[in-house]
């Protein structure tokens, strides 16, 4: 999706969601045969259920019908961000400080584009990951995409009494 259209959609949808009490986590628009797909990922402190997704879908549909920013046919899908949620804003990163994060850079740094590590610090201009014991500073402007890495509890039988 063209970045300009994505930013325009975020600019339209984000204030609407905030007024409804939701947070815009991410927005994706993909092309497809016949029609594309607009996916909007929402969250809120109390969690998100199917009724929330239905409500938000109706409100976004009405908003997009008025503004008509997408020049082709599309289907709208509203969903929760999932365990591997996208981190898009400084507030998203701050909320998940200490979590395991995978960040992909827009341009390679020292021949490397992907960094996976513990989110050690969050600042005004970027983040710092602990990757293999080393601190790696990443500016927000350098990050193409970042996601949480789901961490699963150890369910092995090590340490358990039999």
- prompt: Could you give the length gained on full extension between residue 128 and residue 77, defined as 0.36 nm per residue of separation minus the Cα-Cα distance, in nm?
  reply: 15.1 nm
Region 129-145 residues near the modelled residue 104 label - backbone nitrogen below 13 Å, point 7 Å along Cα→Cβ: 143-145
- request: Take every Cα-Cα pair in region 90-148 and report what % of them are more than 14 Å apart.
  value: 47
query: What full-extension length gain, to one decimal in nm, is calculated for residue 3 and residue 63 as 0.36 nm per residue of separation minus the Cα-Cα distance?
result: 19.6 nm
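Specify whether the C-alpha gyration tensor of region 1-85 places it in the rounded, prolate or oblate class, a ≥ b ≥ c being the square roots of the eigenvalues: rounded for a/c under 1.5, otherwise prolate if a/b is larger than b/c and oblate if not.
Numbers: a/c = 1.66, a/b = 1.47, b/c = 1.13.
Note, shape of region 1-85 comes out prolate.
At R0 = 35 Å, how high is the FRET efficiency between residue 112 and residue 10 if r is their beta carbon distance? Nearest 0.05 is fine. Display every interim value, and only then the final one.
Values: r = 28 Å, r/R0 = 0.81.
Efficiency at R0 = 35 Å is approximately 0.80.
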statement: In vacuo Debye sum over C-alpha of the chain, base-10 log of normalised intensity I(q)/I(0) at q = 0.11, 0.14, 0.18, 0.20 Å⁻¹, listed in q order, is -0.55, -0.82, -1.15, -1.28
- prompt: Between the helical axis of 50-67 and the dominant principal axis of the chain, each derived from Cα atoms, what acute angle in degrees is found, rounded to the nearest 10?
  reply: 50
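A short reminder: the numbers here are calculations on the coordinates, not readings from a lab. Remember, predicted model here, so these are calculated numbers, not experimental data. Cβ atoms come from the backbone with ideal geometry, glycine included; neighbour counts cover every protein chain shown.
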